[in-house]
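Reading through the structure tokens given below for one structure.
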There are 2 protein chains.
Amino acid sequence: MKGNVLVGQSGGPTTVINASLAGVLGAAFNCEQIDTVYGMVNGIQGVINDHIIDLTKEFKGNEKKLEQLRITPSMFLGSCRYKLKDPAVDVSDMERVFEILKKYNIRYFLYIGGNDSMDTVNKVSKYAKENGYDIQVIGIPKTIDNDLMEIDHTPGFGSAAKYIATSVLEMAHDTYIYYMQSVLIVEIMGRNAGWLTAASVLARNSYNAAPHLIYLPESNFSTEQFIADIKEQLKQRKQVIVAVSEGIHDENGEYISAKSTKTDQFGHVMLSGNGKYLESLVQKEIGCKVRSVELNVLQRCAAHISSATDVSEAFHLGEKAVDAVLNGRTDEMTSLQRISNDPYVVEYTTVPVSKVANKEKKIPREWINEAGNDVKQELVDYLKPLIEGELKMEYNQGIPNYIKPVDID
Amino acid sequence: MKGNVLVGQSGGPTTVINASLAGVLGAAFNCEQIDTVYGMVNGIQGVINDHIIDLTKEFKGNEKKLEQLRITPSMFLGSCRYKLKDPAVDVSDMERVFEILKKYNIRYFLYIGGNDSMDTVNKVSKYAKENGYDIQVIGIPKTIDNDLMEIDHTPGFGSAAKYIATSVLEMAHDTYIYYMQSVLIVEIMGRNAGWLTAASVLARNSYNAAPHLIYLPESNFSTEQFIADIKEQLKQRKQVIVAVSEGIHDENGEYISAKSTKTDQFGHVMLSGNGKYLESLVQKEIGCKVRSVELNVLQRCAAHISSATDVSEAFHLGEKAVDAVLNGRTDEMTSLQRISNDPYVVEYTTVPVSKVANKEKKIPREWINEAGNDVKQELVDYLKPLIEGELKMEYNQGIPNYIKPVDID
């Protein structure tokens, strides 16, 4: 008996979530056991709202369009941040979901997302099992934060890392031109895990030692030590470039960004990151030229410089999900394990989704130097292969030729 | 008689100033009348400090290294912001400059820079003429701001424009995924001229209408109208993306960024742009989700996405400078005029540097819509060809393979 697939995307954007969707489509279109592939618009919310589109009609036989999907950032199908109601407390969400799954004759439910989205995968697969629905549910990982358990690294991370490393190198070139002392503070995403900030280390090459200081949330941050570190660096070089995670916090766990709460002339609170706060601190304590740059959302959407390794892995993790459901797997997430670093080889597997949902993986403290202001070689070796390779991008009138996302609700 | 060339770079970075330097070197190395090409380290300051390097030794016969120079951002030779003392008031600077020019037997003096640097070109050439030195002095234009007179557009602008357009498109993809209302404010460089902010319009394509609002310094900015404009947009669409120039000001000429002066918890002033201010304004007046992104220095150094058109033109303007001095020209800047838009054709010329030095070119008011919140088709037509074409970049371990800049003082 043929079955239909329903696939959705959820959580925050990366540049390779659509590569995973393309992987699902590519595998499903070549598979006799699968009839139609449907897409949920805005993730599980689109199931509840019965906003479902026919992806087979949209993509099958159109290699060019599939290729365009593969390199387009963010979510073609739209996203959501909706947490399904626990059926033990209120069964209405789940009943609605299975009503819609029945309506579209769905046998395979695939969900691309981070640790919150794996909670949805877990809930739906559990409910199916407990209520005798013949439905396989598989999660496909994604997050720029690289904080998922049970996977060597997450799709989306390598591309964000490549953007960060490239941007820090380019800002180093921008900084080196004057003979005056200056400090550049680069604020990088990652509230609880410092992987993205650590990736700035990949900007270092034969002539560039920047970032000269790297501060991660896995180590307590002291503003006094920060100023002392910069003063020490300024003895050795004119320009000091610092990478700081948005999630750095003091020994009591208070975020440094919380110190930068400001009020404008009307007395209402202005939000900004810790970069601006540290900028003003350097200005006050050292007095040299100082600038802060917040990479902001660009680090998660700059698909024009995606890592080819990352795009390929995201695609294969999508393919692997189709393979998994056809082999009767459910309540699992597709994953990858690193077999070797040089040559870089990974193996695609599946892992129980319960081991991933609602958990976070941080950088091991032993991969950070003792002073907490730089990373160690083990971490560099781990990161290096993930940013390798460039895509052949197609441009139209000077801008990347991406695919139009679906019309969201 | 053979002569030597002295070439320098000055002012703020762009991604194509080294392409102009490569153009100078390429032309000079193929030229019988030229012996050695010297480079000033940190512009005119390097002349005063006698920090001069032999570029012939460094680059001649090394095509690979010249190609690497051509695509590396910022200044290989370092920069300066030094304004030469007016010899009518204090002749010491100029006497020192000509002492060094004599020391290195310099006959041709080439200077790559913006309107301030053209002041240096003007002063040096005038002093040479008045004091009977047989030295030709030619300026080569550069600035991301596109605000030089007597040139159709400036080298560096097209690449910054391509980065801005691409980033705004990518941020649009990032924004479209949720079904809730949101506003994204993108703050773009350009204190007095809005060219860079206007270039965000090139992010629009067959499916993307963002930026939905564009505010330039050439038109007075009203915060009331800004809020009204966004409310109007939110009636038509869920996500509104706004491009604002850092230089927007009210009808009295007061910068909007000046309104965002804030104090931190210790009572000292925090600097930030108008994006953060407008973000808090939208939060207060409209109350929807809102975020601001400052493109910051990335827009002037992201050479991995330089415009091939821009790089080529910068290179030719460097070549043209060698051609000009050999033809006895002095006190001029190399320039380009647009012959036609479709096909896009430019012609390389020279113009009197006195018409460029210390002047600024702004966007004609008639290229901006009456409401002052969008640009007109004439401006789009002007901008379009400038971001066309992509470079074949070489990467090493996942990051661009740029050239090491000289060790600056």
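The values are calculated or read from the model by the stated rules, or taken from the named source; none is laboratory data. Note that the structure is a prediction, hence the values are computed from the model and not measured. Note that each Cβ is placed from the backbone with ideal geometry, even for glycine, and that neighbours are counted across all protein chains shown.
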If we keep only residues of region A:187-207 that are closer than 21 Å to residue A:297 by Cβ and surrounded by fewer than 21 Cβ atoms within 10 Å (Cβ to Cβ), then the residue farthest from the other protein chains (Cβ to nearest Cβ) is A:192
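How many of the residues in region A:211-245 are part of a helix (DSSP H, G or I) and touching a residue at least 24 places away in the same chain (Cβ under 8 Å)?
Within region A:211-245, the subset part of a helix (DSSP H, G or I) is A:223-236.
This time we only want the ones that are touching a residue at least 24 places away in the same chain (Cβ under 8 Å), so: A:223, A:225-227, A:229-231, A:234.
Qualifying residue count for the region: 8.
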How many residues of region A:212-232 are more than 18 Å from residue A:257 (Cβ to Cβ) and surrounded by 19 or more Cβ atoms within 10 Å (Cβ to Cβ)? The answer is 3
The lone condition residue B:219 fails out of (1) hydroxyl-bearing (Ser, Thr, Tyr); (2) closer than 25 Å to residue A:393 by Cα; (3) away from chain A (no Cβ under 12 Å) is (2)
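Based on what the data block shows, is residue B:65 on the phi < 0 side of the Ramachandran plot and either away from chain A (no Cβ under 14 Å) or surrounded by 20 or more Cβ atoms within 10 Å (Cβ to Cβ) (or both)?
Details: on the phi < 0 side of the Ramachandran plot: yes; either away from chain A (no Cβ under 14 Å) or surrounded by 20 or more Cβ atoms within 10 Å (Cβ to Cβ) (or both): no.
No.
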Residue pairs within 7 Å by beta carbon, gap of at least six or interchain, first lying in region A:40-52 and surrounded by fewer than 22 Cβ atoms within 10 Å (Cβ to Cβ), second modelled with pLDDT under 95, listed first then second, are A:49/A:409; A:51/A:409
Note on region A:371-406: residues more than 9 Å from chain B (Cβ to nearest Cβ), closer than 30 Å to residue A:41 by Cα and not hydrophobic (A, V, I, L, M, F, W, C) are A:392, A:394
Among A:97, A:41, A:24, A:5, the single one that is over 16 Å from residue A:139 (Cα atoms) and away from chain B (no Cβ under 13 Å) is A:97
Taking region A:301-328 and keeping residues in a helix (DSSP H, G or I) and under 14 Å from the mean Cα position of the chain (by Cα) leaves A:301, A:303, A:310, A:311, A:313, A:314
Note to self: Looking at region A:375-387, can you tell me whether even one residue there is assigned to a helix (DSSP H, G or I), modelled with pLDDT of 95 or more, surrounded by fewer than 20 Cβ atoms within 10 Å (Cβ to Cβ) and among the aliphatic types (A, V, I, L, M)?
What the structure shows: yes
Somewhere in region B:246-262, is a residue closer than 23 Å to residue B:284 by Cα, without any contact (Cβ under 8 Å) to a residue 12 or more places away in the chain and assigned to a helix (DSSP H, G or I)?
yes
Of A:160, A:128, the only residue that is within 30 Å of residue B:72 (Cα to Cα) and touching a residue at least 24 places away in the same chain (Cβ under 8 Å) is A:160
In a strand (DSSP E or B), in contact with a strand residue (DSSP E or B) (Cβ under 9 Å, 6 or more places away or on another chain) and not assigned by TED's automatic domain parsing to the domain that holds residue B:59 - does that describe any residue in region B:351-367? no
Residue hits (region B:27-82; under 19 Å from the mean Cα position of the chain (by Cα) and charged (D, E, K, R)) are B:70, B:81
When every residue in region B:273-311 that is at the interface with chain A (Cβ under 10 Å from one of its Cβ atoms), among the β-branched types (Val, Ile, Thr) and within 28 Å of residue B:386 (Cβ to Cβ) is compared, the one surrounded by the most Cβ atoms within 10 Å (Cβ to Cβ) is B:305
State whether one or more residues within region B:151-173 are surrounded by fewer than 24 Cβ atoms within 10 Å (Cβ to Cβ) and touching a Phe, Trp or Tyr at 6+ places or on another chain (Cβ under 7 Å). no
(request) Kindly indicate whether residue A:78 is within 14 Å of chain B (Cβ to nearest Cβ) and under 20 Å from residue A:335 (Cβ atoms). (result) no
Of (1) at the interface with chain B (Cβ under 10 Å from one of its Cβ atoms); (2) assigned to a loop (DSSP other than H, G, I, E, B), residue A:174 satisfies every one except (2)
Residue B:315 passes all but one of the listed conditions (1) under 21 Å from residue B:14 (Cα atoms); (2) at pLDDT below 95; (3) not basic (Lys, Arg); the exception is number (2)
Going through region B:108-122 in order, the residues found to be part of a strand (DSSP E or B) and either of a type in the set (Gly, Ala, Ser) or in contact with a Pro (Cβ under 9 Å, 6 or more places away or on another chain) (or both) are B:112, B:113
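Any residue in region A:221-232 that is more than 27 Å from residue B:167 (Cβ to Cβ), of a type outside the set (Asp, Glu) and within 25 Å of the chain's Cα centre (by Cα)?
Yes: one or more hits.
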Within region B:11-26, residues of a type outside the set (A, V, I, L, M) and under 21 Å from the mean Cα position of the chain (by Cα) come out as B:11, B:12, B:13, B:14, B:15, B:18, B:20, B:23
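Can residue A:210 be described as modelled with pLDDT of 95 or more, within 14 Å of another protein chain (Cβ to nearest Cβ) and at negative phi?
It is true that residue A:210 is modelled with pLDDT of 95 or more, within 14 Å of another protein chain (Cβ to nearest Cβ) and at negative phi.
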Counting only residues that are crowded, with 24+ Cβ neighbours inside 10 Å and either within 18 Å of residue A:48 (Cβ to Cβ) or modelled with pLDDT of 95 or more (or both), region A:109-121 contains a total of 8
